[in-house]
Every structure is written in C-alpha cells, then in structure tokens.
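One structure is given here, and the rest of the page talks about it.
The values are calculated or read from the model by the stated rules, or taken from the named source; none is laboratory data. What you see is a predicted model; the values in this text were computed from it and never measured. Every residue, glycine among them, receives a Cβ derived from its backbone with ideal geometry; neighbour counts consider all protein chains shown. Accessible surface is based on the protein model in full, side chains and every heavy atom, while ligands, DNA and RNA are left aside. Shrake-Rupley method; radii C 1.70, N 1.55, O 1.52, S 1.80 Å.
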Amino acid sequence: MSDSNDRCRVTCVTCVACVTCEVERVTEDVERLRKNEIVVVGTVVFVEVNEMDFKGQLLSEKIYIILMSIVSILAYFVGFILQDLQILYGTLVIGTVITLLICVPPWP
C-alpha cells in the first residue's frame with residue numbers, strides 16, 4: 001500500500017470523509033483483482049480465477065437431481081412395501097452416498 005493510503009487511514013479517524021478513503025482502497029483492490037493479483041483483506045485472500053466449468057457444474061447438478069429423485073422414490077416404495085422405516089432410511093442413505101460419490105468428485 002502507498003503512503004497516501006496509510007496517511008489517509010490515520011487521518012480518517014476524525015474526518016468525515018472516511019467513506020472516500022475506503023472507496024479508494026476498494027477500487028484499488030478491484031483493479032488488482034482484474035489483473036489476477038492476490039488481494040489480502042484481513043485474513044481473507046481473494047484470488048480471481050477465470051476458469052470455471054459452468055457446463056460441467058450444470059451437468060453434475062442435473063445428474064444429482066435425477067439420481068436423488070430416483071433414490072427417493074425407490075426408498076419410499078421399498079419402505080412402504082416392507083413396512084419398515086429403518087429400511088427406508090437405510091436405502092435413502094446408501095443412495096445418497098452413491099449419488100454424492102458420482103456427483104461431487106471432479107471428473108475429467
């Protein structure tokens with residue numbers, strides 16, 4: 001940070017224009033983010049990553065919704081036919097774990 005920002009922070013304790021100093025600081029941080037630089041705010045680190053696989057996320061979400069719907073309906077019918085809630089919950093938990101193992105890991 002430059003000396004002008006440090007001086008501004010010190011004098012802002014009593015001045016009314018604290019907002020101006022904060023806006024300038026945030027503007028500098030945003031510009032640094034646009035240049036893909038690391039910005040540290042307190043203990044939080046913001047890094048802009050330009051590579052996001054939105055199509056893959058959408059596909060994963062669709063698969064998750066379809067599998068969870070199938071698992072829920074299957075668990076309901078198995079539990080209803082056998083008249084046992086423990087089997088219903090067990091089927092639901094096993095199906096959820098299998099669905100998570102399919103949807104959560106990043107596949108190439």
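Residue pairs whose Cβ atoms lie under 9 Å apart, sitting 6 or more positions apart in sequence or on different chains, and linking a residue in the stretch 65-77 that is without any contact (Cβ under 8 Å) to a residue 40 or more places away in the chain and assigned to a helix (DSSP H, G or I) to a partner that is open to solvent by 90 Å² or more (accessible area, probe 1.4 Å) and hydroxyl-bearing (Ser, Thr, Tyr), are Ala75/Tyr89.
Are any residues in the stretch 63-87 touching a Leu at 6+ places or on another chain (Cβ under 8 Å), of a type in the set (A, V, I, L, M, F, W, C) and buried (at least 16 other Cβ atoms within 10 Å of the Cβ), and if so, which ones? Hits for the stretch 63-87 are Val71, Ala75.
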